[in-house]
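The values are calculated or read from the model by the stated rules, or taken from the named source; none is laboratory data. Given the structure is predicted, the values throughout are model-derived calculations rather than measurements. Cβ sites come from the backbone with ideal geometry, for glycine too, and all protein chains shown count toward neighbours. Side chains included, ligands, DNA and RNA excluded: accessible areas come from the protein's heavy atoms. Shrake-Rupley method; radii C 1.70, N 1.55, O 1.52, S 1.80 Å.
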Amino acid sequence: MYNKDFEVLIPHILNRLDVHPKSIVVLNVSDETPKDQVKVILDTVLSTIHDGTLCVIGDCGFNTHQSNIQNLLNLSKKERTLLSSDYALQLLSMRHDCHFSKHPSLSIGCVGHYARYLTRHQSFDFPYGEHSIFKDLVELNAIYISVGNEAHPYALKHAYYPDKAVIVRNVCAYQDKAYGYLDFMVNFSKLNTLKKELCLSEAGSLNIYGGKYPWLIDQIRKKI
């Protein structure tokens, strides 16, 4: 896929989702995306919502029990943040106005009008539940975009709240200590399948999937 494909397909799918200059877009860029085209993707979305908010999701599983907690404790906060950020999030973090989610397990950076508001949550419990960035994204009618094959659609975990949740205890590193918090047991394979079924898509070397986030969460809740 060449630059011009992203520059055409991303605005096309956003327009199909009724994007406007003040929209909030939640973006995931898969690891299979060519590195030299990641900035093209970011710039294309930002130019489409020039008065809006962009949220880029990284690896929200890194600072959890999926990693070796002792190894995590030996890393600084900046090192953990860097290692949990994919290329899109690393590029976004270079902006002076980028704000990061305060929950240690969430790798999410936001820029734009609602960036500070969306990243205000500090509670350790339920980072995908009632008091979370994801609940705000539902209430603010965000748009969800996924470029390529997204192995772990973390943003869609919110669909397990409140009625579908199987509560488990997870662990993350914060400063120099390990902290337990409540989380959801999730079938990411199922979420990926439902995402592909429910989202609009644009076909290219890498498929681009998109949906209105509140509608997408509601529909997934009905199917899981």
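Test of the criteria: in segment 117-181, which GluC sites (Glu not before Pro) are in a DSSP loop and have at most 12 other Cβ atoms within 10 angstrom of their Cβ?
Here the sparse-neighbourhood loop sites are E130.
Near K164, which lysines are there with a Cα under 22 Å away, not counting those fewer than 8 places off in the same chain? Partners found: K135, K190, K195, K196, K212, K222, K223. Relative to the longest principal axis of the chain, what angle (0 to 90°, nearest 10) does the C-alpha long axis of helix 188-198 take? Result, in degrees: 20. In terms of overall dimensions, segment 139-224 has a Cα radius of gyration and Dmax of 14.7, 45 angstrom. Label separation (K22 vs K196): 3.8 nm, computed from points 7 Å beyond Cα along the C-beta direction. To put it simply, the accessible area of the chain at a 1.4 Å probe is 49 percent carbon and sulfur.
If R0 is 30 Å, the Cβ-Cβ spacing of K164 and N141 corresponds to a FRET efficiency of close to 0.85. Accessible area per residue (1.4 Å probe, heavy atoms of protein chains only) ranks T119, T193 as T193, T119, with the largest value leading.
Let me have the 222 nm mean residue ellipticity of the chain computed from DSSP H runs of 4+ only, each contributing -39500 (n - 2.57), with the sum over all residues rounded to the nearest 500.
Values: 9 runs with 77 residues, N = 224.
-9500 deg cm²/dmol, from helical runs alone.
For segment 87-95, putting each phi into the Karplus relation 6.51 cos²θ - 1.76 cosθ + 1.60 with θ = phi - 60° gives couplings of 5, 5, 6, 4, 5, 4, 5, 6, 6 Hz, in residue order, rounded to whole numbers and with x for Gly and Pro.
Quick check: the angle from helix 3-16's long axis to the longest principal axis of the chain, C-alpha only, nearest 10 degrees? Between the helix axis and the principal axis of the chain, the angle is about 80 degrees. Here, P(r) means the percent of Cα pairs in each 10 Å bin from 0 to the largest distance; for segment 122-172 it is 20, 52, 27, 1. Solvent-accessible surface of segment 103-182, averaged per residue with a 1.4 angstrom probe and all protein chains in place: 43 square angstrom.
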